[in-house]
1. Among the residues of region 1-39, count how many are surrounded by 10 or more Cβ atoms within 10 Å (Cβ to Cβ), within 23 Å of Cys57 (Cβ to Cβ) and charged (D, E, K, R).
2. Taking the condition of being farther than 30 Å from Arg24 by Cα and either among the acidic types (Asp, Glu) or open to solvent by 60 Å² or more (accessible area, probe 1.4 Å) (or both), how many residues in region 62-83 meet it?
3. Can you go through Leu86, Leu59 and tell me which one is surrounded by 14 or more Cβ atoms within 10 Å (Cβ to Cβ), touching a residue at least 12 places away in the same chain (Cβ under 8 Å) and within 30 Å of Leu112 (Cβ to Cβ)?
4. Tell me the residue from Ile39, Ile79 that is under 22 Å from the mean Cα position of the chain (by Cα) and at pLDDT 95 or above, please.
5. What pairs can you find where one residue is in region 1-18 and closer than 19 Å to Glu34 by Cβ, the other is in a helix (DSSP H, G or I) and basic (Lys, Arg), and their Cβ atoms are less than 7 Å apart, with a gap of 6+ or different chains?
Amino acid sequence: KKDISVANFITHETHCSRNIEVCRYCSELIPKSEMKNHIESEHVQVTCKCRMKIEKCLLKDHEASACPVRPALCQYCDIQLPFNKLQDHEMFCGARTEPCPGCGLNIMVKDLKEHPRVCR
């Protein structure tokens, strides 16, 4: 995947065909001597904490954006909980009330940001 001068091309091509392989999983060019290690370190199946089996090289992205038990913060109280529990928690947490410092009325936490526009 690099430019090779015409004078060195045949030598380079011979060297590559003897020493480099294309990974059957990710299509990366890997030295033949490192292929076994590459497959074991990048493409081995691991189990996420959500019990899903996934290639090791994909685990970080899964944990960051798709895992149902990835950490998530409640928008109302900033408590950290698993993502799959967030919606139920926020429905409960947002329905709590707190007194408005301006008018003294008890306002649901989910409405506190908008309340100053209509506050007496």
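The values are calculated or read from the model by the stated rules, or taken from the named source; none is laboratory data. Model, not experiment: these values are computed from the prediction. We place every Cβ from the backbone using ideal geometry, glycine too, and count neighbours over all the protein chains shown. Just the protein is used for accessible areas: all its heavy atoms, side chains included, with ligands, DNA and RNA removed. Shrake-Rupley method; radii C 1.70, N 1.55, O 1.52, S 1.80 Å.
1. Looking only at that region, the number is 5.
2. 8
3. Leu86
4. Ile79 is the lone residue from the list that is under 22 Å from the mean Cα position of the chain (by Cα) and at pLDDT 95 or above.
5. none
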